[in-house]
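Just below is one structure, and these are the notes that go with it.
The values are calculated or read from the model by the stated rules, or taken from the named source; none is laboratory data. Since this is a predicted model, take the numbers as computed values, not measurements. All Cβ positions, glycine included, derive from the backbone under ideal geometry; neighbour counts span all protein chains shown. We work out accessible area using only protein heavy atoms, side chains counted, and drop any ligands, DNA or RNA first. Shrake-Rupley method; radii C 1.70, N 1.55, O 1.52, S 1.80 Å.
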Amino acid sequence: MRVGIVGAGVVGLACAVELLGRGAEVELFERGETAGAKACSWWAGGMLAPWCEGESAEEPVVRLGQEAASWWERHVEGVVRKGTLVVAPSRDRAELRRFASRTSHLVEIDSDAIAALEPDLAGRFGKALFFESEGHLDPRLALAGLAAKVIALGGRIHYGREVAPEDVARENVAIDAVLDCRGLAAREALPDLRGVKGEMLLLRTRDVTLSRPVRLLHPRIPLYVVPRADGIFMVGATMIEGGDRSAVTARSMLELLGGAYALHPAFGEAQIVEIGVDARPAFPDNLPRLTRRGRVIHVNGFYRHGFLLSPAMARLAADALLDPASIPERLHDVAA
């Protein structure tokens with residue numbers, strides 16, 4: 001089978017690797033000059049945290065997200081399996097209890113255990129939740145790793161090619177199917193797709209060391225701090241309804257920086273390396289879907305779960321291509 005894929009973000013690349021591993025021929029068409037550059041995949045946190053996401057996400061996210069860490073470990077380097085730490089200031093201890101009541105696969109730990117896991121947080125929080133089985137990765141390194149694997153497996157990536165999925169299907173008669181993995185750019189074909197604005201920061205400091213993502217709970221803006229190499233920390237992320245991706249607002253900047261400072265005051269002296277903003281593609285139920293229209297299959301609506309759900313959705317898309325009549329409209333049906 002020969003498959004064309006439009007969009008070389010995390011979803012398109014994951015689908016390509018999955019299909020190539022099953023013997024399909026794959027060609028990707030990407031409008032940017034590198035895989036996922038300056039798109040949602042580029043700004044992602046890279047947390048492989050299905051249990052934590054259960055606090056606000058639907059059941060399929062938790063269930064399918066459990067495939068993510070092992071899948072990523074098979075295909076790229078740099079996956080870290082040290083869990084997730086969830087903390088809250090003492091005045092927001094109720095938020096910690098609420099979070100625990102809505103999630104699973106966690107243990108409640110005290111200040112001594114927090115210090116053992118993250119020495120730089122010693123004495124800062126009296127209680128925390130530890131999700132030992134979760135992991136994280138650096139999205140930009142992971143995108144580069146997947147793109148290299150596509151090439152190594154015999155796939156082709158055409159950069160600088162902004163093409164419509166229908167044109168790929170029409171102009172390439174040898175292509176059996178096309179996967180549309182363009183995210184929010186596919187709104188003309190998926191009218192109920194909406195944008196959810198996300199804003200993030202990259203900070204650099206040598207005065208804080210973290211071994212795992214730390215989520216700081218707050219009633220207004222829960223945030224996370226994800227460690228990367230060379231003293232870099234990703235701080236994110238807002239969730240604002242609307243597709244505006246022009247700039248980060250002053251309010252969001254204050255809240256992100258204030259949250260990082262609340263986690264550790266040394267972040268107040270950190271360098272701001274980068275500010276990012278984009279609009280996540282989401283359907284009304286915030287769950288991804290496979291949607292077929294002729295030879296085109298849209299794989300979209302990942303909301304804030306791109307790296308977490310791409311492995312499972314790539315598997316489901318590859319399964320569906322072997323039997324096109326089996327593709328339903330919604331993830332609930334696909335994953336049943």
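Close Cβ contacts (under 6 Å, 6 or more residues apart or on different chains) running from residues in the range 202-221 that are crowded, with 16+ Cβ neighbours inside 10 Å to residues that are among the basic types (Lys, Arg) comprise Arg212/Lys82.
Candidates Leu141, Leu190, Leu179, Leu201: the one that is in contact with a strand residue (DSSP E or B) (Cβ under 8 Å, 6 or more places away or on another chain) and not in a strand (DSSP E or B) is Leu190. Within the range 68-80, the presence of a residue that is part of a helix (DSSP H, G or I), open to solvent by 60 Å² or more (accessible area, probe 1.4 Å) and of a type in the set (A, V, I, L, M) is excluded.
Number of residues in the range 280-315 that are at negative phi and part of a loop (DSSP other than H, G, I, E, B): the value is 9.
Going by the conditions given, is Trp43 closer than 17 Å to Arg304 by Cα and surrounded by fewer than 23 Cβ atoms within 10 Å (Cβ to Cβ)? Considered against the rule, which asks whether it is closer than 17 Å to Arg304 by Cα and surrounded by fewer than 23 Cβ atoms within 10 Å (Cβ to Cβ), Trp43 comes out as no. The residues of the range 222-255 that are modelled with pLDDT under 95, under 25 Å from Leu141 (Cα atoms) and surrounded by 15 or more Cβ atoms within 10 Å (Cβ to Cβ), listed by number, are Leu223, Gly236, Ala237, Thr238, Met239, Arg245, Val248.
Closer than 26 Å to Lys127 by Cβ and either part of a strand (DSSP E or B) or within 22 Å of the chain's Cα centre (by Cα) (or both): which single residue out of Glu255, Glu274, Glu241 fits that description? Steps first, answer last, please.
Details: Glu274 fails: closer than 26 Å to Lys127 by Cβ; Glu241 fails: closer than 26 Å to Lys127 by Cβ.
Selected residue: Glu255, the only one of Glu255, Glu274, Glu241 that is closer than 26 Å to Lys127 by Cβ and either part of a strand (DSSP E or B) or within 22 Å of the chain's Cα centre (by Cα) (or both).
Just so you know, in the range 3-40 the residues that are at negative phi and among the basic types (Lys, Arg) include one that is most open to solvent (accessible area, probe 1.4 Å), and it is Arg31.
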